[in-house]
Amino acid sequence: MFETSIVILNWNGIDFLKKFIPILIKHSSLPDVEIVVADNASTDDSVNFLKTNFPSIRLILHDKNYGFAEGYNKALSVLSSKYFIILNSDVEVTEGWLSPLIDTLRVNDDVAAVMPKIRNYYRRDYFEYAGAAGGFIDKYGYPFCRGRVINYVEKDSGQYDSVREVFWATGACMAIKSYLFFNAGGFDPMFFAHMEEIDLCWRLQLMGYKLMCVPDSIVYHVGGGALPKENPYKTYLNFRNNLFLLYKNLHPARINKIFLIRIFLDLFIGFTYLFKGQFKFFSAIFRAYIDFFKHLPELKKYRNNNLKLISRQINLNNTFPHSILFKYLLDRVKFTSFFVNSSL
């Protein structure tokens, strides 16, 4: 049995595997660490490439594309390691990246999961969109990061080099205690992809655990490997899953007010797309709401089963008490040091 399993979920990502697997092996070859690739029924030559060139890598072959959430659930369910590293196939690790993450989990009983500092693979002095230096949400449930507000990404000049608690750790690179992953229920398959890690982190916090960003560990993320940011389907998933996230986890005293405001904010964003002539993105938000209401029976069942847990804490730590959207658009605030250091 290995202490740590580094698990990559692959779907038609042979180019990323060719580029990043050798680097991963170079910087992760320890006796108590195994590298696992779970394949979501790729139709490229990913599996044959791994079997031929990296026979020491453990392969888990899925019978179809289960998406990020269920794909990882199925893969992790057959592993027995103490720690899981959930790692995107388009991530380049660096020397010494692994130890700070695992060491933090070892010595802190109240920490469930940690993430490294994530920089952009192409603009290597800048943070990367999906995670940066730790994730947060605002009072209306919109996610942002230390180092990234809306679409503005900061240059990394060491401003976030302190270890600190965050609201969510990114699924691009997350180290998590395996027993807590399972105790919290794993990723929600309804999400398919996007924000399932925020949902998991929220549940872990309701259970009394913390999430941390450990900037001594650094990785570089390409981003948009499976689904580019400019894809309307990604917009659909982000809006739909954000509604799932809020409905599942918001305190009963806040849920009605937050949802009413969110409808108006999302309409504002939708009509902004419409006025710009970006009809597919407007349609993506509309479809997100249709699918949210379609899934309400399942979401209500979850809420009812977990109402005692959800009702524990009306104000969670590391949430921004204002609207990130209004601060960005009206106050022209772009640097998350304002939000994180001054307001949380």
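The values are calculated or read from the model by the stated rules, or taken from the named source; none is laboratory data. Quick caveat: nothing in here was measured; it's all calculated off a predicted structure. No Cβ is skipped: glycine too gets one built from the backbone with ideal geometry, and neighbour counts run over all protein chains shown.
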Condition check for ILE85: touching a Ser or Thr at 6+ places or on another chain (Cβ under 8 Å) and more than 23 Å from GLY13 (Cα to Cα):
no
For segment 1-51, the count of residues that are within 21 Å of PHE84 (Cβ to Cβ), aliphatic (A, V, I, L, M) and part of a helix (DSSP H, G or I) equals 6
A careful count of residues in segment 146-196 that are out of contact with any Ser or Thr (no Cβ under 7 Å at 6 or more places or on another chain) and under 15 Å from ASN318 (Cβ atoms) gives 9
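Yes/no matrix, rows are residues, columns are (1) modelled with pLDDT under 95; (2) within 30 Å of LYS155 (Cβ to Cβ):
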residue: LEU245; (1), (2): no, yes
residue: ASP266; (1), (2): yes, no
residue: LEU274; (1), (2): yes, no
residue: PHE279; (1), (2): yes, no
residue: LEU296; (1), (2): no, no
residue: ASN306; (1), (2): yes, no
residue: THR319; (1), (2): yes, yes
residue: ASN341; (1), (2): yes, yes
residue: LEU344; (1), (2): yes, yes
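Given the criterion closer than 15 Å to PHE16 by Cα, in contact with a His (Cβ under 8 Å, 6 or more places away or on another chain) and among the aliphatic types (A, V, I, L, M), identify the matching residue among VAL91, VAL47.
Numbers: VAL47 fails: in contact with a His (Cβ under 8 Å, 6 or more places away or on another chain).
Result: VAL91 is the single residue among VAL91, VAL47 that is closer than 15 Å to PHE16 by Cα, in contact with a His (Cβ under 8 Å, 6 or more places away or on another chain) and among the aliphatic types (A, V, I, L, M).
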Among (1) at pLDDT 90 or above; (2) within 26 Å of LEU204 (Cα to Cα); (3) under 23 Å from the mean Cα position of the chain (by Cα), ASN256 falls short only on (3)
Examine segment 93-111 for a residue that is surrounded by 21 or more Cβ atoms within 10 Å (Cβ to Cβ) and either under 27 Å from ARG240 (Cα atoms) or without any contact (Cβ under 8 Å) to a residue 40 or more places away in the chain (or both), and state whether such a residue exists.
no
Residue pairs within 7 Å by beta carbon, gap of at least six or interchain, first lying in segment 65-78 and among the basic types (Lys, Arg), second in a loop (DSSP other than H, G, I, E, B) and crowded, with 19+ Cβ neighbours inside 10 Å, listed first then second, are LYS74/TYR66
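Could you pull out the residue among SER28, SER77, SER42 that is at pLDDT below 95 and surrounded by fewer than 22 Cβ atoms within 10 Å (Cβ to Cβ)? If you could, list the steps in order and put the result at the bottom.
Numbers: SER77 fails: at pLDDT below 95; SER42 fails: at pLDDT below 95.
Going through SER28, SER77, SER42 in turn, the sole match is SER28.
Can you find, within segment 59-74, the residue that is nearest to the chain's Cα centre (by Cα) among those that are of a type in the set (D, E, K, R) and buried (at least 17 other Cβ atoms within 10 Å of the Cβ)?
To start, the set of residues in segment 59-74 that are of a type in the set (D, E, K, R) comprises 63-64, 70, 74.
Now drop any that are not buried (at least 17 other Cβ atoms within 10 Å of the Cβ), which leaves 70, 74.
Values: GLU70: 14, LYS74: 18 Å.
Among residues in segment 59-74 that are of a type in the set (D, E, K, R) and buried (at least 17 other Cβ atoms within 10 Å of the Cβ), the one nearest to the chain's Cα centre (by Cα) is GLU70.
Which of the residues belonging to segment 156-182 are touching a Lys or Arg at 6+ places or on another chain (Cβ under 9 Å), under 21 Å from PHE84 (Cα atoms) and surrounded by fewer than 20 Cβ atoms within 10 Å (Cβ to Cβ)?
So the first thing to find is which residues in segment 156-182 are touching a Lys or Arg at 6+ places or on another chain (Cβ under 9 Å), and the list is 156, 159-161, 164-166, 177-179.
Within this subset, residues satisfying the condition of being under 21 Å from PHE84 (Cα atoms) are 164-166, 177-179.
If the condition is that a residue be touching a Lys or Arg at 6+ places or on another chain (Cβ under 9 Å), under 21 Å from PHE84 (Cα atoms) and surrounded by fewer than 20 Cβ atoms within 10 Å (Cβ to Cβ), then ARG164, GLU165, SER178, TYR179 are the ones that fit.
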Exercise. Would you say ARG164 is charged (D, E, K, R) and in contact with a His (Cβ under 9 Å, 6 or more places away or on another chain)?
Worked result: no
Among residues of segment 120-134 being buried (at least 24 other Cβ atoms within 10 Å of the Cβ) and not hydrophobic (A, V, I, L, M, F, W, C), the residue nearest to GLY71 (Cα to Cα) is GLY131
